[in-house]
There are 2 protein chains.
Amino acid sequence: MNVAVIGVGHTKFGELWDQSINDLLAHAQLEAFADARLKPQAIDEIYTANMCAGMIEGQLHLGALAAEVIGVDLPATRIEAACVSGSLALRAGMMAIASKQAEVVLVSGVEKMTDVSNDVIATTLFGASDVEAEKYTGVTFPGLFAMITRSYFHKYGITRKDLAHVSVKNHAHAALNPLAHLRKSITHEQVLASSMVADPLSLLDCSLVSDGAAAVVLCSKEFAEKNNYTPIYITGSGASVDSIHLAARDDITTFQATNKAAQKAFAMAGVTPDDIDVLEVHDAFTMAEIMAVEDLGFVEKGKGAHAIASGEMNLDGRLPTNPSGGLKAKGHPVGATGVAQAVEIVKQLRGECGQRQVDNAKIGLTHNVGGIGTTVAVHIFQKEV
Amino acid sequence: MNVAVIGVGHTKFGELWDQSINDLLAHAQLEAFADARLKPQAIDEIYTANMCAGMIEGQLHLGALAAEVIGVDLPATRIEAACVSGSLALRAGMMAIASKQAEVVLVSGVEKMTDVSNDVIATTLFGASDVEAEKYTGVTFPGLFAMITRSYFHKYGITRKDLAHVSVKNHAHAALNPLAHLRKSITHEQVLASSMVADPLSLLDCSLVSDGAAAVVLCSKEFAEKNNYTPIYITGSGASVDSIHLAARDDITTFQATNKAAQKAFAMAGVTPDDIDVLEVHDAFTMAEIMAVEDLGFVEKGKGAHAIASGEMNLDGRLPTNPSGGLKAKGHPVGATGVAQAVEIVKQLRGECGQRQVDNAKIGLTHNVGGIGTTVAVHIFQKEV
């Protein structure tokens, strides 16, 4: 189901205390329409991703709100699957086009997280797990990922020093991204010296709590050709779920859902990991990026940390990973993240990324995760089809 | 996009204090698989509707939960659009099939509302409106609908006595439905004497706060034929949104989104209101059913109350409306409602409704609303295509 991306929009990520959910949605969506040289009235359907607005400010029905802020009366649906909401909204938008029920679709994602205290955020993010089964044990989300990290350390013999390379790399990339939440480089020593959150994960191993929104305008190949666009195509889409309970998994050092989603996406696009020039992966924690590049098939299992430490995943390396700065440093407004990853890859393939541009990027990939490796979606983007 | 329904499941609606969200989802979904004579592993994708679980018990990521309780590792997406979540999940499931990305899809809806106090429910349901703009005025959802009702009374000259017929009819229908929350008939006098909620809407003008779940198994026409099913087909699907702010509407006595969604659904199915044998409409309040039958095109504007009072929308009338008992008396577990409406219409067209069976029903319609007439979805079901 080749679907064309003809417009992208992306707010600054950060602590945006002067902007509401409505403001952020309007900004990203209108920017995507301007980029596509279309009026909002030109679309047929809207899919909006959001995780937290109900629990943080009592706001549900985000689809209707997304339509309201751009003044259209079209079918509008909110998609939620924890931190993978954005990629599943993208997938739903693609299906709407492939089903021929829509020719042009707006997909947006938004989150407003920094107006409330950390305990509200912790409670809200735990909604990604089975609350009845896991929350009442007292564990937090970083706590769950710390168990995974410990288990991985034990199995593959790496240490906190190896994790830190992920953070250093992604902060260096974010320093080149005007839309990033934390535009500053950090040192290996700073990561290791940062305060402990959930042993062995320290503050600089964790992604950011951010406000932000992103949007893309999708259309059919026929619409893009008829109207003389030079789009980026989404040629592969794969999604899968694993058990929502970490305790139910045979091996917590690998995310099977990443593996399965990637296999589906690669098969649909007819490409292999060797064909990918640039990728954005779900680095909610430094450990998560290491597992992602392995489970996606880019690096042998157990070798992810070494690959990153070697520099091959830097902007100028063999396989630039998280050129945007990733969730770690660009920021992680959860409902927006999957859509924002798509925006970054589209801009990389268009060659519009300025200082953080990956040379000659033709095929890109996004990897987005909801829960503790529970729901994963992988998308493949191509300049030429 | 003709899509076949080959399995349906529906829990009892009511105050189900001994069942969790997981229990309800498992029950409805497994019943739908049994009805379809399929194992859960036979499906390709899951869409699950839910509105309130985040705000009521901190549970998000319902798609993964829906997959978990039936033990599958498939793409699973939660759809939320306030009280129309169920119908938009149905629509997303249909698109997945029409896009040929899936051959068999599970669509479910669930809500667990009766474990918390009324003020939590009132706050949660207000998430359907623009919280920033309307909630802080202090109005409640019944309050917004009371304004609509007053305006309608003024314009069309009806009174509380006219509204009461809707409630009497739907309770009489629910008395024949073993799955209904309130299986008891009530009198016209009882409605008028019930305590005032938001003048002129009294307690028996309002739908119920219920727990419950419903599920349908959808498949492509080809899959149904190849496997010798005798399905009910969904032949029309229309959705539309209106402004989320009641104050932004020119006329609050009509829901334009109902009108537009119905026009799309009728056009897609190639039928007219005259062809419909049975319908389930969104009677969140008695006034809402009157507006629905008008805005859908079944009755001239301003004549809905008279049509209902005349008995023509009773089970044995010209146009049986809400044979299940509707949101008013079958109950309104909001995320489940749209899917439950589909289950009722499928059973009516199959002839499986026992005491509440509508004679010789061949074409049916569901009408589901989110917010204050904000998002509306209409679906048309046919026995023969």
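The values are calculated or read from the model by the stated rules, or taken from the named source; none is laboratory data. Source: prediction; values computed, not measured. When we count neighbours, we look across all protein chains shown, and the Cβ atoms used for this are built from the backbone with ideal geometry, even at glycine.
Please count how many residues of segment A:204-228 are of a type outside the set (Gly, Ala, Ser) and either in the same structural domain as A:ALA288 (by TED's automatic domain parsing) or within 18 Å of the chain's Cα centre (by Cα) (or both). Spell out the reasoning first.
Within segment A:204-228, the first condition is being of a type outside the set (Gly, Ala, Ser), and the residues that meet it are A:204-206, A:208-209, A:211, A:216-219, A:221-223, A:225-228.
Now restrict to residues that are either in the same structural domain as A:ALA288 (by TED's automatic domain parsing) or within 18 Å of the chain's Cα centre (by Cα) (or both): A:204-206, A:208-209, A:211, A:216-218.
Result for segment A:204-228: 9.
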Legend entry - The lone exception for A:ASP199 - which of (1) touching a residue at least 24 places away in the same chain (Cβ under 8 Å); (2) closer than 30 Å to A:ALA269 by Cα; (3) of a type outside the set (Phe, Trp, Tyr) it fails: (2)
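Would you check which residues across segment B:129-167 are among the small types (Gly, Ala, Ser) and touching a helix residue (DSSP H, G or I) at 6+ places or on another chain (Cβ under 7 Å) and list them?
We begin by selecting, within segment B:129-167, every residue among the small types (Gly, Ala, Ser); these are B:129, B:133, B:138, B:143, B:146, B:151, B:157, B:164, B:167.
Passing the criteria: B:SER129, B:ALA164, B:SER167.
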Inset, instruction - Show the residue pairs that are 6+ apart or on different chains and have beta-carbon atoms under 6 Å apart, the first residue being within segment B:57-81 and in contact (Cβ under 8 Å) with a residue 60 or more places away in the chain and over 23 Å from A:GLY54 (Cα atoms), the second being in a loop (DSSP other than H, G, I, E, B) and of a type in the set (A, V, I, L, M, F, W, C). - result: none
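Being surrounded by fewer than 24 Cβ atoms within 10 Å (Cβ to Cβ) and in contact (Cβ under 8 Å) with a residue 24 or more places away in the chain is the filter here, so list the residues in segment A:103-117 that pass it. Before the answer, list the steps.
Looking only at segment A:103-117, we keep the residues that are surrounded by fewer than 24 Cβ atoms within 10 Å (Cβ to Cβ), and these are A:103-104, A:114-117.
Within segment A:103-117, A:GLU103, A:VAL104, A:THR114, A:ASP115, A:VAL116 qualify.
Give the residue that is surrounded by the most Cβ atoms within 10 Å (Cβ to Cβ), with candidates limited to residues of segment A:292-328 that are among the hydroxyl-bearing types (Ser, Thr, Tyr) and within 23 Å of A:VAL343 (Cα to Cα). Explain how you work it out, then say what you get.
If we filter segment A:292-328 for residues that are among the hydroxyl-bearing types (Ser, Thr, Tyr), which is where we start, we get A:310, A:321, A:324.
After this cut, where a residue has to be within 23 Å of A:VAL343 (Cα to Cα) as well, the list is A:321, A:324.
Working: A:THR321: 30, A:SER324: 28.
Among those residues, the one meeting the criterion is A:THR321.
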Legend entry - Matching residues in segment A:215-251 - criterion: being part of a strand (DSSP E or B) and either without any contact (Cβ under 8 Å) to a residue 12 or more places away in the chain or within 14 Å of another protein chain (Cβ to nearest Cβ) (or both): A:LEU218, A:SER220, A:ILE234, A:THR235, A:GLY236, A:SER237, A:GLY238, A:ALA239, A:SER240, A:VAL241
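Do you know which residues across segment A:46-56 are touching a residue at least 24 places away in the same chain (Cβ under 8 Å) and either at the interface with chain B (Cβ under 7 Å from one of its Cβ atoms) or more than 20 Å from A:ALA377 (Cβ to Cβ) (or both)?
Here is the first cut: in segment A:46-56, the residues touching a residue at least 24 places away in the same chain (Cβ under 8 Å) are A:46-53, A:55-56.
Correct list: A:MET51, A:ALA53, A:MET55, A:ILE56.
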Legend entry - Single residue of segment A:365-385 satisfying the filter (touching a Lys or Arg at 6+ places or on another chain (Cβ under 9 Å) and of a type in the set (Gly, Ala, Ser)) that is farthest from the other protein chains (Cβ to nearest Cβ): A:GLY373
Legend entry - Contacts under 6 angstrom Cβ, first residue in segment B:120-146 being within 7 Å of another protein chain (Cβ to nearest Cβ) and touching a residue at least 40 places away in the same chain (Cβ under 8 Å), partner of a type outside the set (Lys, Arg) and in a helix (DSSP H, G or I), 6 or more apart: B:GLY127/A:GLY54
Inset, instruction - Considering (1) of a type in the set (Gly, Ala, Ser); (2) within 17 Å of A:ALA213 (Cα to Cα); (3) touching a Cys at 6+ places or on another chain (Cβ under 8 Å), say which one A:ALA34 fails and leave the rest. - result: (3)
Inset, instruction - With the condition kept exactly as written, say whether any residue in segment A:183-193 is part of a helix (DSSP H, G or I), touching a Leu at 6+ places or on another chain (Cβ under 7 Å), of a type outside the set (Asp, Glu) and buried (at least 18 other Cβ atoms within 10 Å of the Cβ). - result: yes
Inset, instruction - Could you tell me which residue of segment B:84-118 is farthest from the chain's Cα centre (by Cα), considering only residues that are farther than 24 Å from B:PHE13 by Cβ and more than 10 Å from chain A (Cβ to nearest Cβ)? - result: B:GLU103
Inset, instruction - Would you confirm whether any residue within segment A:121-142 is within 21 Å of A:VAL84 (Cα to Cα), assigned by TED's automatic domain parsing to the domain that holds A:THR253 and basic (Lys, Arg)? - result: yes
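Each row is one residue, and each column tells you yes or no for (1) more than 8 Å from every other protein chain (Cβ to nearest Cβ); (2) under 24 Å from A:THR77 (Cβ atoms); (3) of a type in the set (Val, Ile, Thr).
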site	(1), (2), (3)
B:GLN19	yes, no, no
B:LEU24	yes, yes, no
B:LEU30	yes, no, no
B:GLY63	no, yes, no
B:ALA66	yes, yes, no
B:PRO75	no, yes, no
Inset, instruction - For B:CYS219, work out the one condition from (1) closer than 24 Å to B:ASP316 by Cα; (2) in contact with a Pro (Cβ under 9 Å, 6 or more places away or on another chain) it doesn't fulfil. - result: (1)
